[in-house]
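Data block below; observations after.
Taken together, the values in this text are just the output of simple stated rules run on the coordinates, not laboratory data. Given the structure is predicted, the values throughout are model-derived calculations rather than measurements.
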Amino acid sequence: MALIPEIVKTAVESTKMVYQYTVYQLKHPALNNIYYCVLIAYVACFVFEIILPKKRLHGVLSRKGFWLDTFYVFFNDVVVYIIGLFAICAVTELIFLKILGLFGIHSLRVVDITGWNPVLQVAIMFVIQDFCEFLAHYILHRSDFLWTFHKIHHAQETLGAGSARHFHFVEMFIFKPIIYIPFAMIGYSAADYFLFQITVQNVWGFFTHMNIKLKWGFINYIVNTPETHSWHHAKNIPRHYGVNYASILSVWDLMFGTFYLPKNEEPQIGVPDQKNMPATFMKQLIHPFRQVASGKHKTSQNLPPKK
Ligand SMILES: [Zn+2]
Ligand SMILES: [Zn+2]
C-alpha cells in the first residue's frame, strides 16, 4: 500500500479504537477503570489545594488562570490526548518501520520484556519513560523553536493542579510519539504507552503543579514535587535555560547539575516578558506560530546574562 493512504488508514483506525475504548470505559465506572482513577486523582489534588493552599500566593478558585487551566484540562486530555496521541504514536511507529524496512529490519522490538515479572516490567517502563521525558523537557527549553511552544506552559502566573495540562498541543505531538519508540523497542504497543501516559504522567503532573503549602524536605531529592517544580516555573530563571526538568525522578536533575532548591524562598511564577504573552486560549494557540513565522522566536528565551 502507498505510504500516505496507509498513514491515513492507521490514524483513522487508531482514533476509532481509542474512541471506542474511551466510550466503553466511561460507561463502566469502577475503581480499576483508569479514566475514573485519573479523574479521582485530579479531584483529590484539587481538594488538597482547597484544604492546604499556599495562602500567600493566591486562592484556589480565584487564582488568575484557574478557569483557563480547567479548559486546557478538557482540551489537552480529552480532545488532544485521547483523540490524537494514540493515533500519532501508531503513525510514528509505522513511519519508523518503513524507514527500517529499507535496511531489512521489520520490527522495532529489540528485546521483549512483556513476559517478565510485572513489577520489573513497570519499573523498567517507568525509568525509561521518565528519563526520556526529562531529556525531552530539557530540549524544549534549549531549542528556540520548541521553547516558543513550551513558553505557553511557562507564561502562567499562578500554578494549580490544572496548570499541568496548560500547554501547547504542538510540544506534545512532537515529543510523545518519539518517546514511544523506546517503549516499542522493549515490546510494548502504542496502546500500552497511551495507558502509561494518561495514568502515571498525568497524575504526577497534577501533583507537581499543585498550589499547596506543604514542604517536602528530603522527598524533593527523590521525586519532583510542587516545591521543586515551582522553581522550574520561576519568572527570573535561576540558571541558563532553567532548572528542575524532571518529570518524576529528581535523580536526572541531580546527575546533570540542573537541580535547584533554595531554602526559605518562594519564586515568582511566569516568564520575564510576561506582558508580551497572550492571555486567552485562542491567542495562545496561535501565538507560537506567529512568533516562528516572524522569526521572533529566536529572541524569545529572555536568558539572563552568562556569569
Ligand atoms: Zn518547562
Ligand atoms: Zn509545569
**Study point:** the chain: most fluctuating residue of SER294, SER189, SER250 per GNM, C-alpha cutoff 10 Å
**Key:** SER294
Check your understanding: In whole Å, how far is the Cα centre of segment 228-249 from that of segment 187-205?
Key -> 24
Exercise for review: Would you list which aspartates and glutamates come within 13 Å of LYS275, measuring only between C-alpha atoms, while excluding same-chain residues fewer than 8 positions from it?
Suggested key: GLU157
Check your understanding: What shape does segment 13-79 have by the C-alpha gyration tensor, where a ≥ b ≥ c are the square roots of the eigenvalues, rounded means a/c under 1.5, and otherwise prolate means a/b greater than b/c and oblate the rest?
Key -> oblate
Check your understanding: Does segment 228-307 come out rounded, prolate or oblate by the C-alpha gyration tensor, with a ≥ b ≥ c the root eigenvalues, rounded set by a/c under 1.5 and, if not, prolate when a/b is larger than b/c and oblate if not?
Key -> prolate
**Study point:** Long-range HN-HN contacts of VAL223 with modeled amide H, under 5 Å
**Key:** SER250
Review point. What is the gain in length, in nm to one decimal, between ASN276 and VAL110 on full extension, counting 0.36 nm per residue of separation less the C-alpha to C-alpha distance?
Key: 55.1 nm
Practice item. Would you kindly derive the ³J(HN,Hα) couplings of segment 40-52 from the backbone phi angles with the Karplus curve 6.51 cos²θ - 1.76 cosθ + 1.60 (θ = phi - 60°), listing them in order in whole Hz, with x for Gly and Pro? Key: 4, 4, 5, 4, 4, 4, 4, 5, 4, 5, 6, 6, 10
Check your understanding: Along segment 114-131, what does the Karplus equation 6.51 cos²θ - 1.76 cosθ + 1.60 (θ = phi - 60°) give for ³J(HN,Hα), rounded to whole Hz, x for Gly and Pro?
Key -> 5, x, 6, 3, x, 5, 5, 4, 5, 4, 5, 4, 4, 5, 4, 4, 5, 5
Point to revise | Shape of segment 184-287, Cα gyration tensor, a/c cut at 1.5 | key: oblate
Practice item. Considering only GLY187, GLY160, GLY205, give the residue with the highest GNM mean-square fluctuation for the chain, with springs between Cα atoms whenever their separation is below 10 Å. Key: GLY187
Review point. List the lysines whose alpha-carbon lies under 20 Å from that of LYS176, not counting same-chain residues fewer than 8 positions away?
Key: LYS16, LYS98, LYS151
Exercise for review: With everything on Cα atoms, drop me the angle between helix 3-27 and the longest principal axis of the chain, reported from 0 to 90° to the nearest 10.
Suggested key: 70
Check your understanding: How far is helix 86-101 tilted off the main Cα axis of the chain, in degrees rounded to 10, range 0 to 90?
Key -> 60
Revision key, fill the gap. Within the set ALA136, ALA30, ALA155, GNM on the chain using Cα springs under 10 Å gives the largest fluctuation to ALA30
Review point. Leaving out same-chain residues fewer than 8 places away, which lysines sit with a Cα under 21 Å from that of LYS54?
Key: LYS64, LYS213, LYS215, LYS235, LYS263
